[in-house]
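Taking it in order: structure first as structure tokens, then the write-up.
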Amino acid sequence: MELTDNENNRNPNIFEHSKKVLVIGGANIDIKGKPFKKLKNATSNPGKMSKALGGVGRNIAHNLALLKMPVVFLSVVGDDEYGRQILRETGGAGVDMRNVKISSRNSTGIYIAILDEMGEMMVAVSDMKICEEINIRYLKSKLDVIKKSQMIVIETNLPEESIKYVSKICAEEEIKLIVEPVSVEKSKKMKKVLDRIDYITPNKEELESIAGGIKLKNDEDIVRVVERLKNGGKGVKNIILTLGKRGVFLSEEQVSEKQKVKGMSLTGQFIPSYKVETIEVTGIGDALVAGLVYGIYNNYPLDIAVRYGLAAAALTISTPYTVSPGMKVELLKILVEK
């Protein structure tokens, strides 16, 4: 069963006459617990619980809608109250949810995270079995939507075969493909399609996993592994390696002499993050991807697009929300122009 009417879209007509960004990925409910004091293991910790809409793909799509992007979402939710909430509230934010499948077999996904007193995630458990239904059969039924997209963002909660299928279409149709690796284990699903990916946004541990377990001990290791994944132009075209508070390391498909890493013949550049107070880290990677996509869609140079991503991450980390309600293009521009 699929959502075929427009009741969950604030203004679906805005999607009809512009090139769309298509996001394919998970949608779930986030439940988070944060202790009032230092987190203690193997015991109950007094603290605060919160519940919000989540899912890597859904978060990215939601952020893009707040940035006034024409965004369509492909996903699966359960035929339950959580699923209906996701459709209603995400559609209300401006995401086109008309092609989301409603499953009669699986319940809506749930993600539970335990944070420390500083808002850093200590451990999480995700029940995302429903994402198995984002399969090739479902995607083939949405082939027209896929082929009409200007850009496609996917994340690795998708089945491996679905990642291969979407990447193949993107290569054939010359559609830009952005991939968010999600986690160390799930990032391994990308290994066989690296040559079809235009942009990838791993963190350090995910990059190690994609590269076959190579440990990155210093900057030189980072640069060399990134170049290995680019494979002389035969692999990933652009790599945006997220490095937490340090910012990102950007390695572009097209580079200039000024981007040579000091002391090395290899190319790339470290771009620092914006300094803001950390309230909570949940969702900052998804916000970074959304800001990056905003910049790429608007044809900014890639280093500027990355700065928009960092600005979106800064807005998110300085709030207690997975998706900051204050996500606005005007605020991103203020940070970037500084």
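The values are calculated or read from the model by the stated rules, or taken from the named source; none is laboratory data. As the structure is a computational prediction, the values presented were derived from the model and not from experiment. In this analysis, Cβ positions are derived from the backbone assuming ideal geometry, glycine residues included, and neighbour counts consider all displayed protein chains.
Could we say that V72 is closer than 17 Å to I31 by Cα and β-branched (V, I, T) here?
When the stated conditions are applied, V72 does not pass them.
Given (1) of a type outside the set (D, E, K, R); (2) in a loop (DSSP other than H, G, I, E, B); (3) surrounded by fewer than 15 Cβ atoms within 10 Å (Cβ to Cβ); (4) without any contact (Cβ under 8 Å) to a residue 60 or more places away in the chain, where does M49 come up short, assuming only one miss?
Failed condition: (2).
Please count how many residues of segment 265-275 are loosely packed, with under 15 Cβ neighbours inside 10 Å and either modelled with pLDDT of 90 or more or under 21 Å from the mean Cα position of the chain (by Cα) (or both).
Qualifying residue count for the region: 2.
Kindly check whether there is at least one residue in segment 282-296 that is surrounded by 24 or more Cβ atoms within 10 Å (Cβ to Cβ), at pLDDT below 95 and on the phi > 0 side of the Ramachandran plot.
The answer is yes; a qualifying residue exists.
Could you list all residues from segment 229-250 that are surrounded by fewer than 14 Cβ atoms within 10 Å (Cβ to Cβ) and closer than 20 Å to V184 by Cβ?
Result: G244, K245, R246.
Of the residues that make up segment 251-264, is at least one within 26 Å of A314 (Cα to Cα), surrounded by 17 or more Cβ atoms within 10 Å (Cβ to Cβ) and at pLDDT below 90?
Within segment 251-264, one or more residues are within 26 Å of A314 (Cα to Cα), surrounded by 17 or more Cβ atoms within 10 Å (Cβ to Cβ) and at pLDDT below 90.
What residue, among those in segment 181-199 that are among the charged types (D, E, K, R) and part of a helix (DSSP H, G or I), is farthest from A27 (Cα to Cα)?
D195
Just a yes or no: is a residue in segment 214-225 surrounded by fewer than 21 Cβ atoms within 10 Å (Cβ to Cβ), modelled with pLDDT under 90, within 15 Å of the chain's Cα centre (by Cα) and not in a helix (DSSP H, G or I)?
Among the residues of segment 214-225, not one is surrounded by fewer than 21 Cβ atoms within 10 Å (Cβ to Cβ), modelled with pLDDT under 90, within 15 Å of the chain's Cα centre (by Cα) and not in a helix (DSSP H, G or I), which makes the answer no.
Yes or no: G57 on the phi > 0 side of the Ramachandran plot and either surrounded by 15 or more Cβ atoms within 10 Å (Cβ to Cβ) or in contact with an Asp or Glu (Cβ under 6 Å, 6 or more places away or on another chain) (or both)?
Here the answer is no, as G57 does not meet what is asked.
Which one of the conditions (1) exposed (fewer than 15 other Cβ atoms within 10 Å of the Cβ); (2) closer than 30 Å to G326 by Cα does T108 fail to meet, given that it meets all the rest?
(1)
For the subset of segment 65-94 comprising residues that are under 17 Å from the mean Cα position of the chain (by Cα) and free of Cβ contacts under 8 Å to residues at least 60 places away in the same chain, which member is surrounded by the fewest Cβ atoms within 10 Å (Cβ to Cβ)?
Ranking the qualifying residues of segment 65-94, first place goes to P70.
How many residues does segment 116-135 hold that are among the hydrophobic types (A, V, I, L, M, F, W, C) and in contact with an Asp or Glu (Cβ under 6 Å, 6 or more places away or on another chain)?
Adding up the residues that qualify gives 1.
Taking segment 226-245, which residues are more than 21 Å from the chain's Cα centre (by Cα) and either basic (K, R) or farther than 21 Å from K192 by Cα (or both)?
Residues satisfying the conditions are R228, K234.
So in segment 195-209, with the set limited to residues that are of a type outside the set (S, T, N, Q) and more than 17 Å from the chain's Cα centre (by Cα), which one is surrounded by the most Cβ atoms within 10 Å (Cβ to Cβ)?
Restricting to residues being of a type outside the set (S, T, N, Q) and more than 17 Å from the chain's Cα centre (by Cα), the top hit is R196.
Looking only at segment 1-59, count how many residues are at pLDDT 95 or above, touching a Leu at 6+ places or on another chain (Cβ under 7 Å) and farther than 25 Å from S107 by Cα.
Summing the residues that are at pLDDT 95 or above, touching a Leu at 6+ places or on another chain (Cβ under 7 Å) and farther than 25 Å from S107 by Cα in segment 1-59 gives 2.
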